[in-house]
Amino acid sequence: MSRAAPSPVGTAEASGRRRLLAPLAQSFLRRNRTGLILLGPALLLALGTAAMQYQSVYLPTTMSAPHTAEADGWSRLDVQIAPSGVPVHRVVAARIAAKEDLGPVQDVSQPGTHIVRLEVAFEAPSASPLVSCSWRILGTDGDRYTPLAVGEEGGGEGEGAAFDQGSCVPAATPGPSYGFGDDAPVEDPSAAGPRPPTWTRVALVSVPDGVDVDSVQIGWEPPDYLELPAPGA
């Protein structure tokens, strides 16, 4: 059966609709060109914002979970985390073994301040990653102070001693660490050997006259940190 030929009237109407819609479509594209161009980045920004919200809501960013001293005076931390997807089992204990006032700061730019020397004893398995840490020192005035320096045992005889700022481990035997691209903590091939089970770090802090050290807070990834009370606090 043969198909009927299209009506000339119908063909003319369809052609007219196309001629009418083409300028409308072009006009819409011209009017909304900037919006359409920005639609892609806007979607990416929305996805990024959602990721940032996930980071802030589900991944802690502040030290908010203290591990306080037990009856024997040691503060202990035992956590399993996965920073950047690297499985980490962190086990460490610490306490302030000694506190000493070294007297006024010998710097005219810091009048009315004095230096306190703190010896912090650590215990940890050699495989526990402890390389990157942060120190906060709480004064009896309620303020927090950053150490002037942190170094090896016996290195705190004065401000001129050599220190490696902020570290929690021996410089020659730091133990394992990790970073982006790692699938597990790895030992430093240049280390002198495995980290010993016990060691001591010395911290120097400058505080105002009349203020003493109340406690030391030491942390790695948030939210967990060690809260070490100072002797006599």
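The values are calculated or read from the model by the stated rules, or taken from the named source; none is laboratory data. Treat the numbers as computed from the prediction; the structure is a model and nothing was measured. Cβ: placed from backbone, ideal geometry, glycine included. Neighbour counts: every protein chain shown. Calculation scope for accessible area: heavy atoms of the full protein, side chains included, ligands and nucleic acids excluded. Shrake-Rupley method; radii C 1.70, N 1.55, O 1.52, S 1.80 Å.
Can you tell me which residues in the range 103-153 are touching a Leu at 6+ places or on another chain (Cβ under 7 Å) and assigned to a loop (DSSP other than H, G, I, E, B)?
124, 147, 148
Check the range 137-145 and report whether any residue there is surrounded by 14 or more Cβ atoms within 10 Å (Cβ to Cβ), at pLDDT below 90 and either of a type outside the set (Gly, Ala, Ser) or closer than 25 Å to residue 71 by Cα (or both).
No: the range 137-145 contains no residue that is surrounded by 14 or more Cβ atoms within 10 Å (Cβ to Cβ), at pLDDT below 90 and either of a type outside the set (Gly, Ala, Ser) or closer than 25 Å to residue 71 by Cα (or both).
Cβ-Cβ distance below 7 Å, separation of 6 or more or different chains: which pairs start in the range 207-233 with a residue that is of a type in the set (D, E, K, R) and end on one that is open to solvent by 60 Å² or more (accessible area, probe 1.4 Å)?
Hits for this filter: 212/140; 214/140; 214/233; 227/66; 227/68.
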